[in-house]
1. Taking E159 as the residue in question, decide whether it is under 12 Å from the mean Cα position of the chain (by Cα), more than 24 Å from S94 (Cα to Cα), of a type in the set (D, E, K, R) and surrounded by fewer than 17 Cβ atoms within 10 Å (Cβ to Cβ).
2. If I ask for residues that are surrounded by 11 or more Cβ atoms within 10 Å (Cβ to Cβ), not hydrophobic (A, V, I, L, M, F, W, C) and not in a helix (DSSP H, G or I), which ones from segment 138-151 would you list?
3. Is segment 32-55 home to any residue that is in a helix (DSSP H, G or I), modelled with pLDDT under 85 and small (G, A, S)?
4. Only residues that are surrounded by fewer than 20 Cβ atoms within 10 Å (Cβ to Cβ) and aliphatic (A, V, I, L, M): list them for segment 88-105, please.
5. For a quick check of your reading: which strands (runs of 3 or more DSSP E) sit entirely within segment 77-137 and have at least 3 residues that are touching a residue at least 40 places away in the same chain (Cβ under 8 Å) and within 22 Å of the chain's Cα centre (by Cα)?
6. Taking only segment 56-85 into account, find how many residues are within 25 Å of G24 (Cα to Cα), of a type in the set (S, T, Y) and at pLDDT 80 or above.
7. Scan segment 141-151 and tell me whether some residue there is under 22 Å from T199 (Cα atoms), out of contact with any Lys or Arg (no Cβ under 6 Å at 6 or more places or on another chain) and touching a residue at least 12 places away in the same chain (Cβ under 8 Å).
Amino acid sequence: MPIKLTKRQEEILEIVKAAGPITGKDIAQKLSLTRATLRPDLTILTMSGNLEARPRVGYFLNEDTEMNLKVAKFSKQIVKDYKAHPIVIQKSASVYDGIVQIFLEDVGTLYAVDQNGHLAGVISRKDLLRAAIGNKNLDDLPVSVIMTRMPNIVTIKQEDTLMDAAKKLIQNRIDSLPVVREIDSDSHTYEVIGRITKTTITKAFLEMIER
């Protein structure tokens, strides 16, 4: 069973991550503690596999532990810090306008809004492709006819984590999530304030790994 680390043990891991290999004496100095006080924590971290120790070298992170720390840090990142500007279209706009906009903006999804700017639907490239095949009157066909409507739209809030967003993208097999601010929960009324995509998640994770 994985053990729950104390705050001091987490601080030790961060020190070793930044300065390892590092001796127990140096770790103790950084925490303003004695080596005797620190010894039980180092023993627990070593026996649990979080740290490895070599004589005359010091402590260093287990490779799996280092990756776990990065994943843990990623899981705490907030959508608000990574959301991109939403690409919206009026739900009364034509499918032809939608096709032009989705290629000009180079995105995979458009968010349809009503006259109040509230989220009304989601339009994917597949939706536009289906509408375009065999249909000669794309200027006369509004996107409201082909869009996915509430309450079937999967959304994310800016206070949620990137991990929450990643799970929703994978579980629902979609490429994009509208970041919304709730206006009225009973009527499923939301204001669109951003977007999170699979590319967003990938870039955020790569940035964290490289950093």
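1. Yes, satisfied.
2. Across segment 138-151, the qualifying residues are P142, T148, R149.
3. Checked segment 32-55: no residue is in a helix (DSSP H, G or I), modelled with pLDDT under 85 and small (G, A, S).
4. Matches in segment 88-105: V88, A93, I99, V100, L104.
5. Details: elements: 88-90, 109-113, 119-124.
The qualifying strands (runs of 3 or more DSSP E) are 119-124.
6. 1
7. First, pick out the residues of segment 141-151 that are under 22 Å from T199 (Cα atoms): 148.
Applying the additional criterion that residues be out of contact with any Lys or Arg (no Cβ under 6 Å at 6 or more places or on another chain) yields 148.
Next, only the ones that are touching a residue at least 12 places away in the same chain (Cβ under 8 Å) stay: 148.
Yes: one or more hits.
Conditions (1) over 12 Å from the mean Cα position of the chain (by Cα); (2) at pLDDT below 90, marked per residue:
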site: K168; (1), (2): no, no
site: Q171; (1), (2): yes, no
site: L177; (1), (2): no, no
site: D184; (1), (2): yes, yes
site: V192; (1), (2): yes, no
site: T197; (1), (2): no, no
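The values are calculated or read from the model by the stated rules, or taken from the named source; none is laboratory data. These figures come from a predicted structure and were not determined experimentally. Please note: Cβ atoms are built from the backbone with ideal geometry, for glycine as well, and neighbour counts cover all protein chains shown. For accessibility, only protein heavy atoms count, side chains too; no ligands or nucleic acids. Shrake-Rupley method; radii C 1.70, N 1.55, O 1.52, S 1.80 Å.
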